[in-house]
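K.L.:
This is the structure I have questions about; it appears just below.
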Amino acid sequence: MKKLFLFIATAFAIQFSKAQETLTKLSDTLSNADTVYITFTGAPSKIKAFQLDLTRLSGSISTSGIALLQGTVNGISWVDVNTDTLKLTNTALQTKIWTLTSNNYTSYRACIRIPAGTQTSRARLTYLRRRDE
């Protein structure tokens with residue numbers, strides 16, 4: 001009986017640990033005035049959120065810069081997923097989380113636009129997927 005209970009508990013723990021996953025992609029280094037896209041093509045279903053982390057490595061980032069989440073169905077025409085953008089500031093680390101209520105697109109990307117400044121930065125985009133919902 002103890003072995004059966006241990007087997008069931010182990011199977012439940014394995015299933016629970018696979019209930020969610022994250023995947024991260026790094027951008028190339030952004031330099032001075034720059035625009036970069038971090039793209040997840042063929043994005044899986046049940047993505048609940050995207051998190052963007054922008055790390056300033058040196059210099060100053062223009063405060064007129066923005067980051068936004070975009071989606072596409074055909075892989076050619078990209079549209080803004082929502083109107084929720086990250087207004088960039090001149091801080092060392094900036095984070096934005098976009099939550100999704102539905103997955104309507106086959107691919108997603110974060111667009112980071114820095115229109116001016118003498119800076120170098122690195123962006124990282126992560127998604128959270130919950131397979132059990």
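FYI, it's all coordinate maths here, none of it is from the lab. The shown structure was predicted, so the numbers you read here are calculated from the model rather than taken from an experiment. As a convention, Cβ positions derive from the backbone with ideal geometry for all residues, glycine included, and neighbour counts pool all protein chains shown.
K.L.:
Under the Karplus relation 6.51 cos²θ - 1.76 cosθ + 1.60, θ = phi - 60°, what is the ordered set of whole-Hz ³J(HN,Hα) values for region 47-60, x standing for Gly and Pro?
P.N.:
Residue by residue, region 47-60 yields 6, 9, 7, 10, 10, 10, 10, 10, 10, 7, 8, 6, x, 10 Hz.
K.L.:
Now, a different point. Amide H neighbours of Gly65 under 5 Å, at least 5 residues apart or on other chains, H built in the peptide plane: list them.
P.N.:
Leu88
K.L.:
Tally Lys/Arg at +1 and Asp/Glu at -1 over every other residue whose Cβ is under 9 Å from the Cβ of Arg124; what's the total?
P.N.:
Surrounding charge for Arg124 is +1.
K.L.:
If you don't mind, there's one more thing I want to ask. Gain in length, Thr22 to Ala49, computed as 0.36 nm per residue apart minus the alpha-carbon separation, to one decimal in nm?
P.N.:
Between Thr22 and Ala49, full extension yields an extra 8.7 nm.
K.L.:
Do any trypsin sites (Lys or Arg not before Pro) in region 83-133 lie in a loop, going by DSSP, with at most 13 other beta-carbon atoms within 10 Å of their beta carbon, and if so which?
P.N.:
For trypsin sites (Lys or Arg not before Pro) across region 83-133 that sit outside H, G, I, E and B with at most 13 neighbouring Cβ atoms in 10 Å, the list reads Arg131.
K.L.:
What does the charge add up to near Leu54, with Lys and Arg as +1, Asp and Glu as -1, over the other residues with Cβ less than 12 Å from its Cβ?
P.N.:
Values: positive: Arg56, Lys87, Lys96, Arg113, Arg122, Arg124; negative: Asp34, Asp53.
Once positives and negatives cancel, what remains is +4.
K.L.:
Got a sec to turn the phi values of region 83-94 into Karplus ³J(HN,Hα) couplings, 6.51 cos²θ - 1.76 cosθ + 1.60 with θ = phi - 60°, whole Hz, x for Gly and Pro?
P.N.:
9, 7, 10, 9, 7, 6, 10, 8, 9, 5, 9, 10
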